[in-house]
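Take a look at the structure set out below.
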Amino acid sequence: MSRLTDALKSEKIIFGEDRILKLLKLGKIKVVFLSNNIKKDVEDEIEHLAKLSKIEIVKLGIPNNEVGVICKKPFFISVLGTVH
């Protein structure tokens, strides 16, 4: 959890599975954070792309509604990442 709060303070954060998948394909993501209730097919695709590019994945262990609260956003967040 502290990795997420540290990233929120110091790095550029991208929210949303479509944007994360696009940036993973382009190799522009440093770290991906996943909620514990992300859709399985999305999680599998993110893990596959991250493995190909040797990008770290952090599984947060909390649901997407709590991730939204931590990020101070008025919506649920299943996946977010930091960019180069």
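The values are calculated or read from the model by the stated rules, or taken from the named source; none is laboratory data. This structure is a prediction, so every number in the text was calculated from the model and none was measured. Heads up, the Cβs are rebuilt from the backbone with ideal geometry, glycines too, and the neighbour counts pull from every protein chain shown. These accessible areas exclude ligands, DNA and RNA; they are computed on the full protein's heavy atoms, side chains included. Shrake-Rupley method; radii C 1.70, N 1.55, O 1.52, S 1.80 Å.
The condition of being modelled with pLDDT under 95 and under 10 Å from the mean Cα position of the chain (by Cα) holds for only one of 81, 16, that being 16. The number of residues in the stretch 49-84 that are open to solvent by 50 Å² or more (accessible area, probe 1.4 Å), assigned to a helix (DSSP H, G or I) and either closer than 14 Å to residue 31 by Cα or hydrophobic (A, V, I, L, M, F, W, C) (or both) comes to 5.
Yes or no: the stretch 28-44 includes at least one residue that is part of a loop (DSSP other than H, G, I, E, B), under 16 Å from residue 84 (Cα atoms) and in contact (Cβ under 8 Å) with a residue 12 or more places away in the chain. Within the stretch 28-44, one or more residues are part of a loop (DSSP other than H, G, I, E, B), under 16 Å from residue 84 (Cα atoms) and in contact (Cβ under 8 Å) with a residue 12 or more places away in the chain.
Candidates 58, 31, 67, 83: the one that is closer than 15 Å to residue 14 by Cα and touching a Gly at 6+ places or on another chain (Cβ under 7 Å) is 31. If the condition is being under 12 Å from residue 80 (Cβ atoms) and open to solvent by less than 100 Å² (accessible area, probe 1.4 Å), then the stretch 9-23 contributes 11, 13, 14, 15, 16, 17, 20, 23. For the stretch 1-40, a residue qualifies if it is of a type in the set (A, V, I, L, M) and more than 17 Å from residue 71 (Cα to Cα), and the qualifying residues are 21, 23, 24, 26, 29.
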